[in-house]
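Notes to accompany the following structure.
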Amino acid sequence: MDELSKQLEEIFSYYDKMDKPVQQDETVNLLREIQELCGFISPEMKQRAADTLGVKEVVLTCLIRRFPSLKEADYQHTVTVCTGERCGRKQGMEIFQAVKRELQIEGGNSSGKPMLSKNGKVLLNIQNCLKQCRTSPNLMIDGKVYRQVKPEDVHKLLSFAVSDQ
């Protein structure tokens, strides 16, 4: 058994001994510990955590979505496209579609569910408002807001993300 497996076993053993049901903050702590060791929470680790805690996997999925610091994939970048009222009137959805094309994301829609790029490096989100309406349309990459974006700007803005696809 390698060192990572030993550490994971120790973590799961600790949480397995807790009284059930485990409080939400303890559940989040378990997920954070897994992510700290593995870099992200894989489907296998999420299932193992659900089994250990005696909860349904969907509960963990909801918590992961609620806490942005938790991630289910080993992506390195996050792109958020604003599709709120003002950005939407100024090509917000066209920008969203251009980002999807650039990241080679198949399917998906504007439901708000995060999508992963084809190469797994970028997580794409849409948001109803980035609170930057004066400079719409807006796009955020790794926390930095890009203002007055045009669909034709997307290729240049995301060149870092698709360099090895």
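Restricting region 138-149 to residues that are in a loop (DSSP other than H, G, I, E, B) and closer than 20 Å to residue 105 by Cβ, which is most open to solvent (accessible area, probe 1.4 Å)?
Ranking the qualifying residues of region 138-149, first place goes to 142.
As an exercise: evaluate residue 41 against (1) more than 30 Å from residue 147 (Cα to Cα); (2) surrounded by fewer than 16 Cβ atoms within 10 Å (Cβ to Cβ) and give the number of the one condition it does not meet.
Against the list (1) more than 30 Å from residue 147 (Cα to Cα); (2) surrounded by fewer than 16 Cβ atoms within 10 Å (Cβ to Cβ), residue 41 comes up short only on (2).
In the set 93, 140, which member is over 25 Å from residue 74 (Cα atoms), hydrophobic (A, V, I, L, M, F, W, C), at pLDDT 90 or above and in contact with a Ser or Thr (Cβ under 7 Å, 6 or more places away or on another chain)?
93
How many of the residues making up region 29-38 are surrounded by fewer than 18 Cβ atoms within 10 Å (Cβ to Cβ) and in contact (Cβ under 8 Å) with a residue 12 or more places away in the chain?
3
Could you look through region 122-137, keep only residues that are more than 17 Å from residue 75 (Cα to Cα) and out of contact with any Lys or Arg (no Cβ under 9 Å at 6 or more places or on another chain), and pick out the one that is least open to solvent (accessible area, probe 1.4 Å)? Lay out the reasoning, then the answer.
As a first pass, look at region 122-137 and keep what is more than 17 Å from residue 75 (Cα to Cα): 127-137.
Checking the rest, the ones that are also out of contact with any Lys or Arg (no Cβ under 9 Å at 6 or more places or on another chain) come to 127-128, 130-131.
Working: 127: 79, 128: 115, 130: 21, 131: 158 Å².
Within region 122-137, the match that is least open to solvent (accessible area, probe 1.4 Å) is 130.
Is there a residue in region 105-121 that is part of a loop (DSSP other than H, G, I, E, B), without any contact (Cβ under 8 Å) to a residue 24 or more places away in the chain, open to solvent by less than 30 Å² (accessible area, probe 1.4 Å) and of a type outside the set (Gly, Ala, Ser)?
There is at least one residue in region 105-121 that is part of a loop (DSSP other than H, G, I, E, B), without any contact (Cβ under 8 Å) to a residue 24 or more places away in the chain, open to solvent by less than 30 Å² (accessible area, probe 1.4 Å) and of a type outside the set (Gly, Ala, Ser).
At least 3 residues that are closer than 29 Å to residue 130 by Cα in each: list the helices (runs of 4 or more DSSP H) lying fully within region 1-97 that qualify.
Those helices (runs of 4 or more DSSP H) span 24-38, 57-66, 85-89.
Pull up region 44-69, narrow it to residues that are in contact with a Lys or Arg (Cβ under 7 Å, 6 or more places away or on another chain) and either within 18 Å of residue 14 (Cα to Cα) or aliphatic (A, V, I, L, M) (or both), then point me to the one that is surrounded by the fewest Cβ atoms within 10 Å (Cβ to Cβ).
In this case the residue turns out to be 54.
The values are calculated or read from the model by the stated rules, or taken from the named source; none is laboratory data. Quick caveat, the model's predicted, so the values are computed rather than measured. Glycine gets a Cβ as well: all are built from the backbone with ideal geometry, and neighbour counts include every protein chain shown. Only protein heavy atoms, including side chains, enter the accessible area calculation; ligands, DNA and RNA are left aside. Shrake-Rupley method; radii C 1.70, N 1.55, O 1.52, S 1.80 Å.
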